[in-house]
Structures are given as structure tokens and as C-alpha cells.
Protein chains: 2
Amino acid sequence: MDTIGKSIPRIDALDKVTGRAAYVGDLEVPGMLHGKILRSPLPHAVVKEIGVKKALKLPGVVAVLTRDDLEGLDPFYGAVLRDRPFIATDKVRYQGEPVAAVAAVDLATAEEALDLIQVEYDELPVISDTVEALMDDGATVHETNLCNQSGYEWGDVTDAFAKADHVFEDTFTFPMVYHYSMEPHAVIADYSNQGITVWSTAQHPFLVREDLARMFGFQLHQVRVVVPYLGGGFGSKSYTKLEPLVVALSKVAGRPVRVALTVEEAFKTIRRHAARCTVKTGVMNDGSFVARECLIHLDTGAYADNGPLVANRAAERIMGAYRWDNVKITSNAVYTNSTPAGSFRSIGAPQAAWASESQVDIIADALGLGPLEIRLKNLVEKGEEFRPGRRALDADPATGLRMAAQAIGMSLDKEPEDQGSALPIKTGRGLGCNLSGVGSSATSTAIVRLHVDGTVTVFAGTTEIGQGSRGVLAQIASQELQVPFEHISMVSSDTGVVPYDRSTGSSRSTTMMGLAVQGAAKEVKDQLIELAALHFDCPPEELSAQGGLIIRADESVAYGALIEEEFGARAGELLGRGYVTPRRDNGRLRQSPAFWEIGIAAAKIEVDTKTGVIRIPHYVSVADVGVAINPQQCEGQDEGASMQGLGHTLFEEMVYEDGQLLNPNLVDYKVPTFADLPANLETQMIENHDGPGPFGAKGLGEGGIVSAAPSVANALFQATGVRIKDLPLTPERVWRALRDAAAK
Amino acid sequence: MDTIGKSIPRIDALDKVTGRAAYVGDLEVPGMLHGKILRSPLPHAVVKEIGVKKALKLPGVVAVLTRDDLEGLDPFYGAVLRDRPFIATDKVRYQGEPVAAVAAVDLATAEEALDLIQVEYDELPVISDTVEALMDDGATVHETNLCNQSGYEWGDVTDAFAKADHVFEDTFTFPMVYHYSMEPHAVIADYSNQGITVWSTAQHPFLVREDLARMFGFQLHQVRVVVPYLGGGFGSKSYTKLEPLVVALSKVAGRPVRVALTVEEAFKTIRRHAARCTVKTGVMNDGSFVARECLIHLDTGAYADNGPLVANRAAERIMGAYRWDNVKITSNAVYTNSTPAGSFRSIGAPQAAWASESQVDIIADALGLGPLEIRLKNLVEKGEEFRPGRRALDADPATGLRMAAQAIGMSLDKEPEDQGSALPIKTGRGLGCNLSGVGSSATSTAIVRLHVDGTVTVFAGTTEIGQGSRGVLAQIASQELQVPFEHISMVSSDTGVVPYDRSTGSSRSTTMMGLAVQGAAKEVKDQLIELAALHFDCPPEELSAQGGLIIRADESVAYGALIEEEFGARAGELLGRGYVTPRRDNGRLRQSPAFWEIGIAAAKIEVDTKTGVIRIPHYVSVADVGVAINPQQCEGQDEGASMQGLGHTLFEEMVYEDGQLLNPNLVDYKVPTFADLPANLETQMIENHDGPGPFGAKGLGEGGIVSAAPSVANALFQATGVRIKDLPLTPERVWRALRDAAAK
């Protein structure tokens, strides 16, 4: 009955490969209409008039939603600042912002009706550069262009720079990228005077419930957010997105409505923050870091979403996994006229690590040190309280970094690659390393039902977004309750039927929801022991649970038999509750972060100097998982993160021109395919059984994306001597850099 | 915050009057097909060949189910005996038995395909008379025609009859009647290798789950039975009915399928047992009863369903609410070639009360006693242990009977009506009285969720069949948890999401599920007190819950604030569990029945002697409810039961000829309409706060149907001197009886 550490196949595998899995786009709600959104063609404009009469006259059109339908509700929402109306009110702030929405009997009619809506705009100047935006001399997206400023400061960087042997200053840019999960956003909303039911592609259904209740004037028990199968999130479906618009459309239509976005519309819904990071680092001759000052500009787009949190996290992460006595970090989230930016796998980290870890190699090269050598000299150590007031480091970055370096054949000392070879293909090795304090709140609850046949249903509000949470949580229940894995079913995200879970993200589910499930399973087990004590007429201490039986010396009784005894028939069931709160577990979870997640990568690359094409024969990611509850799924998560990181490293970039997004599709926006897989893509897992989660587990899933870009860029430098400070490392950009370097 | 005793409007009222309420027939499951059933035209025949090739060739037909598709599953089911295959195997046993089923892309195609299925039958003799059926000299429906025999015997009836001053023997018949709930049976089934989901019009979804798991080889966690809005049950949707057939059809089709029965098909699915009861009673000159011997034949139709339970219950109930020293009751459930009979509001009781209570008036008349007088002389009294080993009588029939008699102006002494009047309209008053030990098992569980805004969701597996259970259970939660009624939502029958409840029937839900909900609410309250003890830093004993607050002297804290404190944010929730088992509550529920339900009625009628038409100016039903949690709903339930009773009293009868059902529709089978309402239809409620349920409640809903027929027939006798022993009392039957009497 031991299931921990076993790579049990996914629970939903069969449903998915047979096409039985029903997504929001597959559902039919009785009386459902189909909705389409009219989006602003302009990136920045005052909305003067909206004419909907013609559209309303089109046969089959049931309702048109505009800003004129907002009476009695609050149209504003936002994860941190409530600055985003679900439909344009006074002006539009990015190309693609919803201005009106149509509900009709079918999609074709709804689309036709869009053309009949007349909108008159007054164009405004476009804000697109984050540095210029803060110069206080032009137009603003909101009342100001500074959405949020946060940072860290301790010690005295000015003094430290003065005393340092060397000071390095470099500026790095990171592109706007899009999550490109398989399924774009889709919502069915059913509004009535008594409440709202929503089927949505939502990672955080309980937070959506909270927003909808507030915006539409309901209590929490009246709002139900159901998440059926969901085709990937990566943060793009965090917090509230499309839901309020569809609820309002259902309200004006008086019927349920579905709106399912196209890929282009999803590109115009959410993206990752582009970043411009200037990093100034003071270093002594021996390579020890003494001070770091950074200025970060994050492009948060037209609305804040969780930009302030991203800015804050980038500020923390740009310090890297290093010890600093003097720090001054300023991180600005800046409004521009573009798609709003929000959560994306390891918020703020890839941008910060790109800058920080690229510069570490610049410094190492200047000082004649090896990339591994300079890092080991400055890395924080396990047990160190390197962020004041936060949990002491529970990960071991040095060990992880050594593993990664060894895997790709990089030694401690500097060993420059053979750059003199006449061959057009050059080889290089590079490292990247970062530490993330996960934003994992201790707020999960769960219910376990033990049926009279000894089988189990687990209620856990974690959204299954493809990460395999259902299987892992079932493994935890199986182990704790000693019931075979295949005797367990999972019920996931439906706020109407599963108890509260804060969110699915921040690598938190295995740890936080895992503990809740374990707690609920334990409460069931305790009741079985109580019933067995009556059955055997013995003290509970003599009893234990094993293999679906309660054991007493050489006697045993099956779980189901105990339930039958209690209910007097083959009937009834036992219920267990699990709570995870900061106060429980002797305050074990009160400290933040719940755990530290390392993001370590090592890349061995080949550059074709004639074309600028980078190929990656060997890529290693190291994850500290505490315990791998399902090793194959852990690897899958980490490999996915690596590949997504290689995407923004090599290919991905949303291109804007005059506020117009030029490439919102798979033809013009390239994501990695199987052809781009490193020949040897490897995840190495550290299992020290020291995580705060069940059976010593920690989370994973974010660390793998963090260090992809710097490890490849550092390898590129090792291979060619060329340092590129802007992503992505497209063949064109690499080829131009090589050409420019050769010309010098 | 006191909600007990308040007639709060129904929770589902708005959904129902606006048409938002979605029934099984309204749902759409992705990929769903539509099914139709080919039914046997013959009442009794061997099925020789079934040809489906032509049907399968019809474009749009996806699958045809026959007995050839039963490999790997067990097609037999039945509430007591598993004698019913969901599709004919060797032979058909009643006209309308399913022989094949088609799944097609639409209903029209499925119907067309039925005509293309060729079935070859060998006709067998038809068994239709229950007495002849047991003569052991003819054909049999199953291996025998005696489905079940049960009974009671104590004392020595032979001796007692010999010593009695008078012995009366009469035979009464009760017709086959159909429940005629608004919604016929409907099922959507979705079968996969991993489990089954069924949306069904099921009163007992957890029992259906058990059957489906067994029949199709799944574990309980793999089978989900969902009951959406349901348009009435009255027992017709008890136990498993249409579900296995539709699951099997989905299995062969490889897609979800819906089968929604027509009214005619529902008539051919289930009905109430027709009965023939011979009652022999020994009486002394003063009217005291000394012995009763009865022979009951119940027509259980082609399959047992719960016929054995009905037979047993009829055997008990034919003893009435009287004390007997000598008893011999034999009750036979007899197979015939007709629609199977099963549960129907107060199983076995209307049939038994019809016989018993009619004869009581025959005896009274013969001895010159008043109907009230003879009953009061023989009634059992509150506190009496009148059924050995069972719960002592917790109801007070004498008080109830006096209330009923007084209401219609009947005095203790015999006061014959003025039968000599020359007017064609004659007036009479009659009583009926019975006691039902409810079949209410102590097997319910519930969950209560308290959200962070202080509102509540209650999970209770009671099926809302129109009886108003959701509202009553919400009132119980409201009172116990001290949360306003309108802050509570209910989640009901869905075995996948609500915890176990045995069944919805037997007047059990307010008592049994009510206690479970109360227990779950109390567990939440206890946690609030714990959290408040931390909040105030005081012992829990100083705290109490009132009006959504935890109170300590003159301080208080809101529920939501305590949850926020625990979870460290506006997040989380508290969970409570409620268990009702025979063992809990100090064994309070171990004794059977959970409570005794009286069925007392008094009717004042007018007979038009020229036409035989009976009108009822005044009808009184008395219900002992312990406490009326929602008085209006209690009245509604009891009035509905009265009217349903008046239906089988005056109009209803399924008519068979040669095994063919002649009147399966609303034109030929008359049910009461509003025009048939008694001018004064009254329910009087006894509230002694002495029930075993929450706040002293008992169940109700069945008692009202029991005594309708005898009270009217007894009034008819009072009015005309004519005693009719066969139901229904149609104008034709009454007119013939009057004519025959006048001819004598």
C-alpha cells in the first residue's frame, strides 16, 4: 500500500487520450447562448459613443452588453488594485480591450452582430516604453503611469561601491511573453437573482468567487465557480479574468452564455511582464560580492493585475541566491498601452535571474574566475537566515549547482571553450541559479469520504491544470489512509462542492493541499480506530491501520465492516476534514515562505556561427523536491518548466508596433516544439525528506523555468565570447551579435 | 434568528415559477444520444428471436441494446429480490416490459428504429387474479406466483372467535393505482471503463449507486448518481428503476444516452399494489375487539420490487391502531402479468386501512355504537408498547381522532344521518384511523460549510422531490447555527458530492437528515466557540452563539472574523459533519420505528343519489408532527396526501383486460384536480414537541393518505346506508350500489 515515490500513471490519462475529458468549450448548459466580444482596435482612446441598435435588431441576437449596463454592480476588479473594468467605461487602454459583448443563439450570429456595433473613439497618445512612461511629461495610461514601486534596501551601497575593487553595471531586457496554454480562456456564466454559477478556466476559483460576489452583490454561498478539465494555466488563468464580463452578459441576456476566447483574444487578456533591469554590483578581487543596486522596470501593461506582486518578487529575486551586505533595489511596475501583464510561472523570477545570473558570468569572466567557482563563493548556505524575518534557507543551492555543473561536464575552474576552432559550430557550457521564496499561503481545506465498500472520494479544491495534482493528492490520501490508489476518486475545483483552497499556483498544492488531504485522511483513520476499539472492545492504542484493515495483534477488521457496524447496514460513510492554516501544526506554516524553491540549470549548447542557430545537446535542471511523491510527474513538471524557459530564451516575444500587437498566433509567435527539445533533457531531483509538506515533500514546477535564459546566454558567451543582454536569443540576434563582434 | 415554526417560502420557488429549474429532461451532456425502449406488446411470452440488423442500419442509430449485450454484467436487480432484468432475457412478464433499446442521434430516429426491430414471441397464459394465481394449477409468472408471504400471529384466534359475542367477516378490494407524479422517469447515463455517472429521477440515489456498482462491476467511488430538480416521486422513483437499462445502453453506444419515459411508459414501470383483504374480527357486545384474522392478497405484478416489504407492512397495518390479544394475519405478495408494484406513499397502509376501518364501521353499526365511540374503546394509548419489542407508542391517536370528529361535527354517540329526506343530496360523516410505524432508518450523514462571509452551504443527500426538504433542512441549520435563513444554500442529492443518506421516503428526512444537519451545524458551532476562546483568551464555557456572533458577556465577534483570524486572511472556511446512526445519541434511534405516524381523517360528504357523485364539503386530516418546522409546508404535504388519498378513493384505477393496460393516460385515468378539492380541506397539527427529530420534530407526509378511503366510504354509509367494499367510489359504482340497495 506504499504509494509515495511511485510513478503511478495519471488519473485523467484515459479521459484525455480518449477525448472524454470535457472542457468548458464542450459543456452545454440548458438555454445557453453564445457570446463574442467587440474589442478596441486602438491602443489608447476615449470612447465617445457606442451604438448597439443595429446589432440588437439582428435576428438571433439576445443582448448586447456595454458600459450602459453597469448599474447596480461594480465593474472594477484586479488582483491587487481594482483598476480594470470588465468592459470599457471612459476609455480604452490597450488594443483588444473589450468594449461591448454580444449574446446570440449561435456564434456566427454573435460574430455578425459585432460588425453592427458602432463605436466612436478619440485617439490618445500611445505609451509603450516603460522608462519614458515615468518621465512625467506625457500622457498617462491611468492617473499616473507608475502602477507600483517596491524594493529593498539595507547596508550602504554607495559606500560599498566606493570600497569595492570592481563595480559592474549592465542593463538587460526581457521580452513580453505569452503563456500559450493549450486552452484559451473560456467561461459559461448563468446569472439569476438568486446567484451565479460559472464554469470557467480558472486556476483560483475561490478568488473568482470572492470577486464575483463583491462585484454583483451576492454572498459567497450564492456564487459557484466550477472548473472542469482545464488545458493549462501557467498563471494565465490566475485570479479573475473573463468571468465578470460573461456574468454581466448573462445578466443582460437573462440566460446562460458562453464566451470562449480565440488564441488571439487570449494574447490580449494576459501576458508576462517585459522587463528592463539595470544591475550594478560591487565585487572584491577574490570574487566576493559586496553590494548590489538594481533598477527594474516591469511593463505591466494597461492594468495592474498582480503587477505590484510581480514587481516586489522581481526585486527580491534579482538578489539571486547570494549573500548581500549592501542592497538597494527599486522595482517599478509601469503602465503601458498593451495587454495587461500578470502571473506567469515563477512571477518576476526569470526576468530577474536573466539579469542577475548573466552579470555573474560577466563578473567571473572579468575576474578570471570560473562560473561555478564565483557562485559557490557567494551562495547562501542551507540553514542561513539570509532574508531577515523569513524562514531560514531549507534548500541547498551549492549542492544543486555542483550537480548541474557536473552533469554537463563543467569543472570548478575556468576552462574556456575552444573558441579558436575553425569549425562553424562552437560549443559552450553555462550555469544559472536562483532561489525563490514561494508565495504559497497556508490556506487549504479538504474533505475525505470513506465509503462502505472501503473506497474513497477526496474533495480538494486544487485546480487540475494538467500538473497532475489529482493523482498526487490521491497518492497522499492512499498512503495516509492505507487504501489502494485505484480505490480513490478525486473531486476538484468546484466552489459549490469542495471546501476552500486559496489558489493553484506558487508550487503550493502538493505541500498545502497535500497537508489538508493528509489531515482529512487522518481524521477518517482516527474514526476507524474509534470504531475498531468498540468492535474489539479494546483501547485504541492497541490498534493501527494498514492495507485497508484495522489491525490488533493478529486480528483485523476491514474498514467497510466497521462502517456497516456503525450504520447497522451496508450503508453510511465516514467523513474527515483537513485544515491548513498558519496557526495549525504548532505554527509550522506561520513562517514565510513555506519553503524555498531553487531554480538551477546548466546548459551545454552548440552555436552555428554561420546562422546564429543555438542547439542544446544537453540541458540539466535541478529541483529540490523534499520527496518526489510521483517521480515521473515531478520530472514532467520540471521538464515542462525547462522547455517553457527555453521558449523565452530562444524564440518567444510578443511584438508591438504603435500599440498594435503584431503576432498573436502560432505562426508568428514561435513556441518550442518537440523538435526543439534538447537531445538530453534532464531533471535531477534532490530528495532530503525535509519539506514541510506530506511525507517531507516540497513543491516544484516553477524553479525549472528560472535559470534557462542565463544558462544558455552564459554558454553562448563561453562558446563565442559574445555577450547578449536582450532576449530572445533568436538566430538573427545571435548572428548579428557575432557579426558585430567580428567586425570590432 | 428563530426560524423553527416559521412558514418561510420555498427556496426553489423562484427557479420553479420562472422555469429556470432544470430537470433531467432539460440537461445536455456533451455527446449525448437519445434512447427509446422497445416494449413487449404481450403480457406473458417467451422471447424467441430478436432481430436488430435493420434497426442498426438506419442512419443515425448508434446502438441497439438487447439481451445479447449482457456479458460481463449482472442484469438482475430488485429492492428485495433480484428477480427483474433491466431488459428481457428469457421471457416477458408484462405488457410494456423492455425488450430492446435504441440509442440514436435524435429521438425521431430512435423511435423510427424501434419499428425495425423484429421480435418473435411464444405467447403464454396470462396470470391476472391473485387468488387464482396461488391455486397451484396453472401457469406461473416466475417459478412460483407467490412472491412472498409474511404475517403476524399471537394469541389464539380460533378460540377467541369461539368466545366472541360476534364475528364479522368482510372482503374489501383496493385498485391498482399509479403515482402520477408530474415528471415521468428520466435518466441520462454516461458509462466509461472508469466509472458511471447517472443523472436520474431517483428518490434513493445512494441505493441506485449500490445497485449500479454491483451490476456493472464498479466500486462505490466510481459511480455517481446525480438528481437534479425532480418533479414528484411518491415512491415511484424509490430504489432502482430505469437506471441500469440506460447505463447498459450507454455502454453499448460508447456515449452518454438519455432515456425519458412518456407517461404511458411510466405507467408500465411501477404502480401501487392492488389488494384483496378479507378481515374477520371477533367482538364483544360492548364493542371491544378480541380477535382479528386477515388474509391479504397483494398484486405485486411481474416483479417483486419491494412487494415483500409492502406485504409485511400491510400485515401490520391491517391491525389498525387497536389493541389485539389474538391475531392471525397472512399477507401474500402475488406475482401477476402486470406492471410491477412497489413503494407508494405509506406502503401497504391505504389498502389495509381501507379494509380495517371500513369493517370497524360495519361492526359499530351492527352493535349500535357510534364510529367514534367504538374506536375510542379499542384504540391503543400513548406510551403503550402495543407491538412487542418495538418503540412504545409516541403518538396519541385518541386525541387526534376526537379532533377530527369534532371538526366535522361528529359526536361520540351514534347519530344516524337523515336518510329519510326526500332530497336527492344526502349528507354523511365518516372517520378513518390508522397508525404507521415509519420505515425510517437511522442512516444519514451531512456536511455544513461555513464560509468566511458568515454564510453557509449545507450538503444533505435528501432528494428534493417537491416536498420542500431543502427549505426545512436549511431552517434546521439556520436555527442550530444561528445564521439567517437567507444566508444558507443547500446542495442535495448527488452521490458524488454529498455524503451518504439512505433514502428519501418513509417520512424520514426531517427527522433523520434533520438530525444529521443539526449535528453538522453543531460541529461548526463548536469550532467557532474554540476559535472564539482563542480570540477572547477565555474558557469556552463563557461563550455562546447567537445571531451570527459568538457572544461573551457584552463582547462579541462575528463568525467570519474568527475564520479570518484562523486562516490569516479573508479566506478559508469551517466544516462540520453530522452522523445519524442507530448507535449514536445514546441509542435513541436504535429502536424501531423511529416514530409512529398517525393517519386520521374525517370526511363530511354529500352524495347525489341520482348520479352517484360524491362531493366533500369538509375534509379533515390530523397529523402529529411533534413540531411543525415550516407549518405551511407541513400543511401542504398533508393536504397533498389527503388529495392523493381522495384520488384512489373516488377516481383512480388502472384497468387491465387480458393483461393489456387500457388507460395509461390522463384522459382515461382520472386524478383529482383543483375542481375536486373539498370546499374545506383542513389539516390539523398536533405539536407536542416530542418527536425524535430536531427541535422535537417528527416526520409527516404519509399519514394523510391512509384514512381517506374509509372515512369517505363510512360517510357514504352514514348518508345512504349503503356499504361499498370496492374502490374507487366512482359515480357509476355508487349509483349501482344505491340502485341495488333500493331494489332490495
(Q) For the range B:295-411, give me every one of the helices (runs of 4 or more DSSP H) that falls completely inside it and has 1 or more residues that are in contact (Cβ under 8 Å) with a residue 12 or more places away in the chain and acidic (Asp, Glu). (A) B:307-317, B:349-367, B:371-378
Q: Please state which of the following conditions residue B:431 fails to meet, knowing it meets all the rest: (1) within 18 Å of residue B:622 (Cβ to Cβ); (2) in contact (Cβ under 8 Å) with a residue 60 or more places away in the chain; (3) over 25 Å from the mean Cα position of the chain (by Cα); (4) open to solvent by less than 30 Å² (accessible area, probe 1.4 Å).
A: (3)
Q: Quick one: count up the residues across the range B:263-279 that are open to solvent by less than 10 Å² (accessible area, probe 1.4 Å) and of a type in the set (D, E, K, R).
A: 2
Q. Considering only residues of the range B:547-562 that are more than 14 Å from every other protein chain (Cβ to nearest Cβ) and closer than 15 Å to residue B:487 by Cβ, which is nearest to the chain's Cα centre (by Cα)?
A. B:547
Q. Taking the range A:1-57, which residues are open to solvent by 60 Å² or more (accessible area, probe 1.4 Å), away from chain B (no Cβ under 12 Å) and part of a strand (DSSP E or B)?
A. A:48, A:49
Q) When you scan the range B:426-476, how many residues do you find that are assigned to a loop (DSSP other than H, G, I, E, B), more than 30 Å from residue B:363 (Cβ to Cβ) and small (Gly, Ala, Ser)? A) 7
Q.
Just checking, does the range A:658-670 include any residue being closer than 30 Å to residue A:477 by Cβ and crowded, with 20+ Cβ neighbours inside 10 Å?
A. no
Q.
Quick test for you: out of A:412, A:423, A:435, pick the one residue that is more than 14 Å from chain B (Cβ to nearest Cβ), at pLDDT below 95 and farther than 24 Å from residue A:688 by Cβ.
A. A:423
Q) Restricting the search to the range A:600-633, which residues are β-branched (Val, Ile, Thr), surrounded by fewer than 23 Cβ atoms within 10 Å (Cβ to Cβ) and in contact with a strand residue (DSSP E or B) (Cβ under 9 Å, 6 or more places away or on another chain)? A) A:609, A:613
Q.
Suppose we keep only residues that are within 10 Å of chain B (Cβ to nearest Cβ) and open to solvent by 10 Å² or more (accessible area, probe 1.4 Å) within the range A:501-534. Which one would you say is nearest to residue A:633 (Cα to Cα)?
A. A:502
Q. Of all residues in the range B:489-500 being open to solvent by less than 10 Å² (accessible area, probe 1.4 Å), within 12 Å of chain A (Cβ to nearest Cβ) and not hydrophobic (A, V, I, L, M, F, W, C), which is nearest to residue B:226 (Cα to Cα)?
A. B:495
Q) For residue B:180, are the conditions met, namely being at pLDDT 95 or above, more than 14 Å from chain A (Cβ to nearest Cβ) and assigned to a loop (DSSP other than H, G, I, E, B)? A) yes
Q | Residues being open to solvent by less than 60 Å² (accessible area, probe 1.4 Å) and either within 30 Å of residue B:461 (Cβ to Cβ) or part of a loop (DSSP other than H, G, I, E, B) (or both) - total across the range A:580-591 | A | 4
Q | Qualifying position, being more than 26 Å from residue A:706 (Cβ to Cβ) and surrounded by fewer than 24 Cβ atoms within 10 Å (Cβ to Cβ), among A:302, A:260 | A | A:260
Q) Pick from the range B:634-652 the residues that are in contact with a Ser or Thr (Cβ under 7 Å, 6 or more places away or on another chain) and charged (D, E, K, R): which of them is surrounded by the most Cβ atoms within 10 Å (Cβ to Cβ)? A) B:638
(Q) Looking at residue A:355 and the list (1) more than 20 Å from residue A:506 (Cβ to Cβ); (2) among the aliphatic types (A, V, I, L, M); (3) under 26 Å from the mean Cα position of the chain (by Cα); (4) within 14 Å of another protein chain (Cβ to nearest Cβ), which single condition is not satisfied? (A) (4)
Q | Failed item, numbered, when residue B:312 is tested on (1) over 30 Å from residue B:70 (Cα atoms); (2) touching a strand residue (DSSP E or B) at 6+ places or on another chain (Cβ under 9 Å); (3) open to solvent by less than 20 Å² (accessible area, probe 1.4 Å); (4) not aliphatic (A, V, I, L, M) | A | (3)
Q | Among the residues listed as A:160, A:139, A:164, the single one being among the hydrophobic types (A, V, I, L, M, F, W, C), over 19 Å from residue A:352 (Cα atoms), open to solvent by less than 60 Å² (accessible area, probe 1.4 Å) and touching a Pro at 6+ places or on another chain (Cβ under 7 Å) | A | A:139
**Q.** Where residue A:705 falls short, out of the listed (1) open to solvent by 50 Å² or more (accessible area, probe 1.4 Å); (2) under 22 Å from residue A:267 (Cβ atoms)
**A.** (1)
Q) From the residues in the range A:202-250 that are of a type in the set (S, T, N, Q) and either within 16 Å of residue A:493 (Cβ to Cβ) or outside any helix (DSSP H, G or I) (or both), which one is nearest to the other protein chains (Cβ to nearest Cβ)? A) A:219
Q.
Going by what's in this entry, would residue A:187 be described as over 16 Å from the mean Cα position of the chain (by Cα), within 14 Å of another protein chain (Cβ to nearest Cβ), closer than 21 Å to residue A:29 by Cα and crowded, with 24+ Cβ neighbours inside 10 Å?
A. no
Q: Scan the range B:673-683 for residues that are part of a loop (DSSP other than H, G, I, E, B), surrounded by 13 or more Cβ atoms within 10 Å (Cβ to Cβ) and either modelled with pLDDT of 95 or more or small (Gly, Ala, Ser) (or both) and report the count.
A: 1
Q: Restrict the check to the range B:563-579 and report whether at least one residue is away from every other protein chain (no Cβ under 12 Å), surrounded by fewer than 19 Cβ atoms within 10 Å (Cβ to Cβ) and either touching a Phe, Trp or Tyr at 6+ places or on another chain (Cβ under 7 Å) or not aliphatic (A, V, I, L, M) (or both).
A: no
Q: Please determine, by comparing only the residues of the range A:542-579 that are hydrophobic (A, V, I, L, M, F, W, C) and in a loop (DSSP other than H, G, I, E, B), which one is farthest from residue B:459 (Cα to Cα).
A: A:553
Q: Only residues that are closer than 28 Å to residue B:141 by Cβ and crowded, with 24+ Cβ neighbours inside 10 Å: list them for the range B:100-115, please.
A: B:100, B:101, B:102
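The values are calculated or read from the model by the stated rules, or taken from the named source; none is laboratory data. Every value quoted in this text rests on a predicted model; they were computed, and no experiment measured them. Here Cβ is always computed from backbone atoms with ideal geometry, including for glycine, and neighbour counts include all displayed protein chains. Ligands, DNA and RNA are excluded from the accessible area calculation, which covers all protein heavy atoms including side chains. Shrake-Rupley method; radii C 1.70, N 1.55, O 1.52, S 1.80 Å.
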